[in-house]
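Working notes for the structure below.
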Amino acid sequence: MDDRTGNTEFNDTESYDKERQLARMRADRFVCDLIGIRLTDAGPGWAHAELDLTELHLNGVGIVQGGVLFTLADYAFAAACNYDQEVVGIETSVSYIKSVKSGRIRAEAKEVARTRKFAVCEVQVLDENDRLLILFRGRGYVLS
């Protein structure tokens with residue numbers, strides 16, 4: 001089995017099925033249907049997702065709920081890591097940099113390391129003007 005330590009290149013392009021990956025991730029009804037997040041594109045070790053903000057996403061002080069931002073980042077993390085094997089999150093950290101009240105936000109995820117057992121992914125959530133809202137780092141366990 002390929003160790004891929006520190007190497008995020010996907011070596012088995014013949015078995016990668018992009019449409020299967022996108023369909024599987026888009027089947028997440030909580031994220032897609034309830035919150036409204038859209039997976040716009042993904043590939044081996046990366047993913048892009050976006051969300052059009054509404055009043056339903058705001059907290060009591062009128063800014064987007066931190067959990068909404070976290071969920072967008074977490075979803076992009078999952079999409080970036082689940083391209084050839086099932087990966088489940090086991091640890092995350094998030095830094096909230098800037099608040100947002102409206103508009104379209106997007107998450108850009110990139111797998112930065114992969115071994116037989118673990119995947120590490122970094123995600124930036126940005127607003128429409130490319131301002132950084134949160135930095136997210138996730139570690140996932142690769143299921144065998």
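The values are calculated or read from the model by the stated rules, or taken from the named source; none is laboratory data. Since we're looking at a predicted model, the values are computed, not measured. Positions of Cβ are backbone-derived with ideal geometry, glycine not excepted, and every protein chain shown enters the neighbour counts. Quick note on the areas: whole protein, heavy atoms, side chains included, nothing else; ligands and nucleic acids left out. Shrake-Rupley method; radii C 1.70, N 1.55, O 1.52, S 1.80 Å.
Worth pointing out:
- Selection of segment 49-82 for residues being part of a loop (DSSP other than H, G, I, E, B) and either open to solvent by 20 Å² or more (accessible area, probe 1.4 Å) or free of Cβ contacts under 8 Å to residues at least 40 places away in the same chain (or both) yields Leu53, Thr54, Asn59, Gly60, Val61, Gly62, Ile63, Gln65.
- If only residues of segment 67-109 that are under 12 Å from the mean Cα position of the chain (by Cα) and of a type in the set (Gly, Ala, Ser) are counted, the one that is farthest from Leu22 (Cα to Cα) is Gly89.
- Tally of residues being touching a residue at least 60 places away in the same chain (Cβ under 8 Å) and out of contact with any helix residue (DSSP H, G or I) (no Cβ under 9 Å at 6 or more places or on another chain) across segment 110-137: 4
- Residues that are modelled with pLDDT under 95, out of contact with any helix residue (DSSP H, G or I) (no Cβ under 9 Å at 6 or more places or on another chain) and among the charged types (D, E, K, R) do occur in segment 85-107, at least one of them.
- Each residue in segment 90-111 was checked for being closer than 18 Å to Val64 by Cα, open to solvent by less than 80 Å² (accessible area, probe 1.4 Å) and polar (S, T, N, Q), and 2 pass.
- Among residues of segment 29-41 that are farther than 14 Å from Ala73 by Cβ, those with a beta-carbon under 8 Å from a residue that is hydroxyl-bearing (Ser, Thr, Tyr) and open to solvent by 20 Å² or more (accessible area, probe 1.4 Å) at least six positions away or on a different chain give the pairs Gly36/Thr54.
- Checking each residue in segment 83-116 for being of a type in the set (Asp, Glu) and in a loop (DSSP other than H, G, I, E, B) picks out Asp84, Glu86.
- Subset of segment 112-142 (residues that are under 19 Å from Glu50 (Cβ atoms) and either surrounded by 20 or more Cβ atoms within 10 Å (Cβ to Cβ) or among the hydroxyl-bearing types (Ser, Thr, Tyr) (or both)): Cys121, Val123, Val125, Leu133, Ile134, Phe136, Gly138
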